[in-house]
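Written out below as structure tokens is the structure these notes cover.
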């Protein structure tokens, strides 16, 4: 059994230990077992600690840590002789961040359970954010209130307690747990906020979390998946979003707290310009229509940009004038073309299929109109369709 120093003091950054065994593992790794360790193994939705083992002046990287049958195995990059004295040094910046996230998750899950009766049925602590899956729906207002209350727990700077109750004591306790637990149960208590079975290390007091920020929520398996960042991750998230807002505000010549209104104004201006362009395109296409005669057997239009609805209307209008083939192609020789083909009398579906096979295209539809895309030059398209007419 490995002595787990992370349960004695979650703030340990460095420790000494003796190598009990070292075996060759997979992928060039070595599996090292120590008599004691402060490296937390993967578990409870939280990935393992990383760091180094110092053997004299040599640094051996710890890239993963796993536990089985109370034995903690360190996956390291070099072999270490059995019986060696080593100094373990955690990547504590990463560890502390994980503790901030995990304790923050307990607070949020506790609030959701108390206020709404929902259970946390899934938890993942990733490199960038935490996701929590709840078995019930939460509104935007609910989430804002949960976030505010969670940060009140941070401000209260509550001392976190860890209990190891007996089986009899456990039967009288109220606590959250996602799975049935065999053996000794470890209960992490945040007085006034949450009580939950958990195997992971946590911060000493809620004030060390700094900030809890809910950054997203989606419907998921009949409930909600809520995304969160805490502590320094929340600060980084804020800095990134602030930088984006400042950049946008400069481009729009608006104050940072007015960018939403500025974007809305810009959207209205864009829509107005689109409407003007649509009207001009319709006028242009009406001019093209005036030149078309009933005896025309192949009417082809090539343009870099045109509104899809306007193009469809154009093809319909041409089919009322002539029984021949009408094709509208939007794009360039370099990028290829999107097309709409139509004919009131020709087998336009068969013509489209043959064109796609010949000119590297794809698409389809039902007569009298089909649509798709083709990677060919204008001259090749014109030659093919004129041959069909």
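What about residue 234, is it in contact with a strand residue (DSSP E or B) (Cβ under 8 Å, 6 or more places away or on another chain), within 29 Å of residue 6 (Cβ to Cβ), surrounded by 12 or more Cβ atoms within 10 Å (Cβ to Cβ) and free of Cβ contacts under 8 Å to residues at least 40 places away in the same chain?
The answer is yes for residue 234.
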Exercise. Of the residues that make up segment 46-67, is at least one over 30 Å from residue 205 (Cα atoms), out of contact with any helix residue (DSSP H, G or I) (no Cβ under 7 Å at 6 or more places or on another chain) and not in a strand (DSSP E or B)?
Worked result: yes
Exercise. Residue 56 is checked against (1) without any contact (Cβ under 8 Å) to a residue 40 or more places away in the chain; (2) surrounded by 14 or more Cβ atoms within 10 Å (Cβ to Cβ); (3) outside the structural domain of residue 145 (by TED's automatic domain parsing) and fails just one. What number does that condition carry?
Worked result: (2)
Exercise. Right, residue 362: surrounded by fewer than 15 Cβ atoms within 10 Å (Cβ to Cβ), assigned by TED's automatic domain parsing to the domain that holds residue 383 and modelled with pLDDT of 90 or more or not?
Worked result: yes
Exercise. Tally time: how many residues in segment 245-298 are part of a loop (DSSP other than H, G, I, E, B) and surrounded by 15 or more Cβ atoms within 10 Å (Cβ to Cβ)?
Worked result: 3
For this session: Output the residues belonging to segment 68-88 that are without any contact (Cβ under 8 Å) to a residue 40 or more places away in the chain and surrounded by 18 or more Cβ atoms within 10 Å (Cβ to Cβ).
Result: none
Seminar exercise, completed: When segment 305-334 is checked residue by residue, the ones that are part of a strand (DSSP E or B) and surrounded by fewer than 20 Cβ atoms within 10 Å (Cβ to Cβ) are 330, 331, 332
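Of all helices (runs of 4 or more DSSP H) completely enclosed by segment 74-190, which ones contain at least 1 residues that are farther than 30 Å from residue 61 by Cα and touching a helix residue (DSSP H, G or I) at 6+ places or on another chain (Cβ under 9 Å)?
92-116, 140-156
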Exercise. Within segment 345-358, which residues are surrounded by 18 or more Cβ atoms within 10 Å (Cβ to Cβ) and either touching a residue at least 60 places away in the same chain (Cβ under 8 Å) or assigned to a loop (DSSP other than H, G, I, E, B) (or both)?
Worked result: 346
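Determine, yes or no, whether residue 181 is at pLDDT below 95 and either over 27 Å from residue 93 (Cβ atoms) or within 20 Å of the chain's Cα centre (by Cα) (or both). Outline the logic, then answer.
Numbers: at pLDDT below 95: yes; either over 27 Å from residue 93 (Cβ atoms) or within 20 Å of the chain's Cα centre (by Cα) (or both): yes.
When the stated conditions are applied, residue 181 passes them.
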For this session: Test each condition in (1) closer than 30 Å to residue 113 by Cα; (2) assigned to a helix (DSSP H, G or I); (3) touching a helix residue (DSSP H, G or I) at 6+ places or on another chain (Cβ under 9 Å) for residue 238 and report the one that comes out false.
Result: (3)
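The values are calculated or read from the model by the stated rules, or taken from the named source; none is laboratory data. Here the structure is a predicted model, which means the values were calculated and not measured. No Cβ is skipped: glycine too gets one built from the backbone with ideal geometry, and neighbour counts run over all protein chains shown.
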